[in-house]
Amino acid sequence: MTVLDMMVLIAQCAAVFFLAAWLSTGFLENVRHPSLNETFTAQVLSMERMRNDFPEAYEVVAHRRIENPEVQKILFRLIVIWEGLATLALWLGVAGLVLAIFGAVEPSSAKALGVLGVLLFTATWAGFLIVGNWFCYWFCHEGAQNTHYQMTLWGLATLVLLVAN
């Protein structure tokens, strides 16, 4: 392995590590303090802010809303489970890449683990964009939508880094 190949592998490991650390923080917060995000998830699903701030537009799409609190909680829990799986996959990717740096694992196998984790990370945020679009969250949750775009782009950039070499 050349010095450049080693440096690329180190950069790939660092990039996956950064995603794993970031998502771990969010996942742990959702487990320890679910009300922080569960409230906003419920608002998006019920289209509460849209109903209050844009009543005419709300009437057009109000049939999409989910107002049942139990269904909202179940959906939030499913999101947290998905986040947990993505976080685990990212950490497995980091571990594989660290082992590849030290020659204990074939780099292509380690990168495949990293790609899986990053794909799950990226799918999380792309999924929020798609579902959020269905619930018109761009009307009243622009900050969340912007974050989801940026996380999707961060994941895609990391995927490109992982498969480029």
Could you go through segment 115-126 and let me know if any residue there is part of a helix (DSSP H, G or I), loosely packed, with under 14 Cβ neighbours inside 10 Å and either touching a residue at least 24 places away in the same chain (Cβ under 8 Å) or more than 11 Å from the chain's Cα centre (by Cα) (or both). no
List, please: which pairs have Cβ atoms under 8 Å, are six or more places apart or on different chains, and start with a residue in segment 83-107 that is in contact (Cβ under 8 Å) with a residue 60 or more places away in the chain and open to solvent by 10 Å² or more (accessible area, probe 1.4 Å) and end with one that is not charged (D, E, K, R) and not in a helix (DSSP H, G or I)? PRO107/MET1
What pairs can you find where one residue is in segment 8-30 and closer than 16 Å to HIS148 by Cα, the other is among the charged types (D, E, K, R), and their Cβ atoms are less than 8 Å apart, with a gap of 6+ or different chains? LEU23/GLU83; GLY26/GLU83; PHE27/GLU83
Looking at PHE27 and the list (1) open to solvent by less than 60 Å² (accessible area, probe 1.4 Å); (2) farther than 18 Å from ALA123 by Cβ; (3) aromatic (Phe, Trp, Tyr), which single condition is not satisfied? (2)
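Here is a yes/no grid of residues against (1) over 13 Å from ALA15 (Cα atoms); (2) not hydrophobic (A, V, I, L, M, F, W, C):
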{"position": "GLY93", "(1), (2)": "no, yes"}
{"position": "ILE101", "(1), (2)": "yes, no"}
{"position": "GLU106", "(1), (2)": "yes, yes"}
{"position": "SER109", "(1), (2)": "yes, yes"}
{"position": "LEU116", "(1), (2)": "yes, no"}
{"position": "ALA144", "(1), (2)": "yes, no"}
{"position": "TYR149", "(1), (2)": "yes, yes"}
{"position": "LEU159", "(1), (2)": "no, no"}
Would you check which residues across segment 127-165 are in contact (Cβ under 8 Å) with a residue 40 or more places away in the chain, of a type in the set (Phe, Trp, Tyr), assigned to a helix (DSSP H, G or I) and within 22 Å of TRP82 (Cα to Cα) and list them? TRP134, TYR137, TRP154
Members of segment 41-81 that are under 17 Å from GLN145 (Cβ atoms), among the aliphatic types (A, V, I, L, M) and surrounded by fewer than 17 Cβ atoms within 10 Å (Cβ to Cβ): ALA57, VAL61
All conditions in (1) at pLDDT 95 or above; (2) of a type outside the set (A, V, I, L, M, F, W, C); (3) more than 21 Å from GLY155 (Cβ to Cβ) are true of GLN43 except (1)
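The values are calculated or read from the model by the stated rules, or taken from the named source; none is laboratory data. Note that the structure is a prediction, hence the values are computed from the model and not measured. Glycine also receives a Cβ, built like all others from the backbone with ideal geometry; neighbour counts cover every protein chain displayed. Accessible surface is based on the protein model in full, side chains and every heavy atom, while ligands, DNA and RNA are left aside. Shrake-Rupley method; radii C 1.70, N 1.55, O 1.52, S 1.80 Å.
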